[in-house]
Amino acid sequence: MLAIASEPVFVLADTAMIGHLGVEPLAARAIASSLIGGIYWLFAFLIFGTTTLVGYHRGAGEPEICGEICLHALFLAAVGGIVVSILGILFAPHLYVLMGAEPDVSTLGSTYFRIRIAGSPFTFLLFATVGFLRGIQDTRTPMVIAFVVNGLNLVLDYLLIYGGLGLPAMGLRGAGIATLTSQILAGTICLAVLFFSSHTSQYRLNRWRFNARRFLSLSRIGRDLAIRTGALRFSLVFATGTVARMGTASLSGHEIALQLFLLSSDTIDGIAVAGQTLAAKHLGANRIDKAYQMGKILLLCGCVAGLIFGSGYILLKQPLIVLFTRSPEVVEVLGIAIFVLLALFQPVNGVVFASDGFLIGAHDTRYLMWAMLVGALGIFVPITWISLKWDLGLPGVWTGLSLLMAWRLATNSLRFFRKRWVLAFPGRN
C-alpha cells in the first residue's frame, strides 16, 4: 500500500509546486500528464500482466517459468520504451496543438513533454520489474524503490523549479529534468535488483532463452489490458482536450480535481495489487473458494478506503484548493459541485479499483476490456462532448466521469459475484 501511495503523493506535491508558478505552467503540465499517462498506461500490462502470470506460475510451483516471463517482459519494456521516446520527442508540438492548447501553454509544454518522455525506457523497465516482484509476493522492494525515487524527485523538483544549492530556477523545465533523472535512477535500480540480488537467484534470470509461448501469454493478457486501458486513457485525454477548449482556468481546475481523484485511486490500488497477486496465486494452486472469500474482503476494504477519502475531500476542501492555487478564476471553476462529485463517488471508486485488481489476477481481462470500451467510449466521451457543446462546463465533464465509475461498479460486481471469472484463466501458458 505504501509503495502505491508514494506515487500519487509525489504527483500532488509536484502539481502544487508547478501550480504556484502560474496558470499557464499548470495547464502545460496538465496536458503533458494526460498524454504521458495515456501512453504509459498502454504499457501497464508490463505490471499487471506480469504480476498475474508470475503469480499463477509461482502458485503452481514453477519458478523458472516465472523468470522466463520476467525476461520477456523486460525485453518488451526496453523496445517499447525506445520507440515511445523517439516518437514523443518528434511529435510533442503537434500533440499540444491536437489537444487544443493555447500558444503560450503549447510552447511551455512541448519542452517539458520532451524531457519527460525521454525517460520512457527506464519507466517501462520499472513496470516490468514491479510486475515480477509483485508476482513473487515481494512488495517491500517496490516500496523501497518507490520511496527512494520519488523522494529524490521531490527534492530535485524544489531545487530545479525554484532554484537552490547553487542550481538555477528553471521553472517547468526543471520539473521535467527532475522527473527524467528519477526515471533513470529507477530503471538502474531495478536492473541491479533483478540481476545482482540473491533474492531472485532461484528464478534463473541470468539464463535468457527466447520462448514464443512466453511472448504469447504476455501478448494475450497485454492486448486485453492495453485496449481496456487505452479506452480509459483516451477518454481522459479527450476530456482534458475538451476542457482545454473551455479555457486555461477550467483546464487548471480540472487538473487539480483529477490529481485528487488519482490520489485516491492509486492509493486504493494498493488493495487491488494484493488482490491481484493473491487471486493469481490461489488459482494457480486451484484454490477457487479461497480466492473468492479473499475477493469479498478485498471489495469491503476498497469501500472503506473510499469512504475515508470521500470524507477527507469534503472536510478539507478549502485547504486542498489553496495547496494547489490561489488563482480566483481556478477557485471559482472548482466551486462546490466538483468536490461533491469527487467525494460522493469515492466509495464506488474503491470497490471498482479493488474488483479490477481481483479480476485481472483471475485473468478475466477480456471481460474488463469490453466493459471499459462501452463505459469509456459509450458513456464518458459523449457526455464530455455534450458538456462542451451545451456549455455545461467542468461539472458536466465530471458528471460523465462519475457515470463511468457507476457503470464499472455494476459490471465488475456482476462478474465477481456470479463467479464467471472462474472460467477465464486459460490454463498454464
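The values are calculated or read from the model by the stated rules, or taken from the named source; none is laboratory data. Fair warning: this is a prediction, and the values are worked out from it, not measured in the lab. A quick note on method: Cβ atoms are made from the backbone with ideal geometry, for glycine too, and the neighbour counts reach across all protein chains shown.
So ARG140 passes all but one of these: (1) basic (Lys, Arg); (2) buried (at least 16 other Cβ atoms within 10 Å of the Cβ); (3) closer than 29 Å to SER201 by Cβ. Which condition number does it fail?
Only one criterion in (1) basic (Lys, Arg); (2) buried (at least 16 other Cβ atoms within 10 Å of the Cβ); (3) closer than 29 Å to SER201 by Cβ is unmet by ARG140, namely (2).
Consider GLY88 carefully, then state whether it is part of a helix (DSSP H, G or I), at pLDDT 85 or above and either closer than 30 Å to ILE256 by Cα or touching a Gly at 6+ places or on another chain (Cβ under 7 Å) (or both).
Details: part of a helix (DSSP H, G or I): yes; at pLDDT 85 or above: yes; either closer than 30 Å to ILE256 by Cα or touching a Gly at 6+ places or on another chain (Cβ under 7 Å) (or both): yes.
Yes.
Part of a helix (DSSP H, G or I) and crowded, with 20+ Cβ neighbours inside 10 Å: which single residue out of GLY312, GLY222 fits that description?
Exactly one of GLY312, GLY222 is part of a helix (DSSP H, G or I) and crowded, with 20+ Cβ neighbours inside 10 Å, namely GLY222.
Could you please find all residues in the stretch 123-165 being modelled with pLDDT of 85 or more, among the aromatic types (Phe, Trp, Tyr) and more than 24 Å from HIS199 (Cα to Cα)?
Residue satisfying the conditions is TYR162 alone.
Restricting the first residue to the stretch 128-145 and requiring it to be closer than 19 Å to ILE271 by Cβ, which pairs with a second residue that is among the aromatic types (Phe, Trp, Tyr) meet a Cβ separation below 7 Å and a spacing of at least six or different chains?
Short answer, once both residue conditions are applied: GLY131/PHE48.
Out of the residues in the stretch 361-393 meeting the condition of being of a type in the set (A, V, I, L, M) and either in contact with a Gly (Cβ under 6 Å, 6 or more places away or on another chain) or not in a helix (DSSP H, G or I) (or both), tell me which one is surrounded by the fewest Cβ atoms within 10 Å (Cβ to Cβ).
Taking the candidates together, the pick is LEU392.
Just to be sure, is ARG116 basic (Lys, Arg), at pLDDT 85 or above, within 26 Å of GLY270 (Cα to Cα) and crowded, with 16+ Cβ neighbours inside 10 Å?
Yes; evaluated as a whole, the condition is true for this residue.
Return only the number of the condition from (1) buried (at least 19 other Cβ atoms within 10 Å of the Cβ); (2) of a type outside the set (A, V, I, L, M); (3) in a loop (DSSP other than H, G, I, E, B) that PHE358 does not satisfy.
(3)
Mind checking which residues of the stretch 167-184 are without any contact (Cβ under 8 Å) to a residue 12 or more places away in the chain and outside any strand (DSSP E or B)?
Passing the criteria: PRO168, ALA169, MET170.
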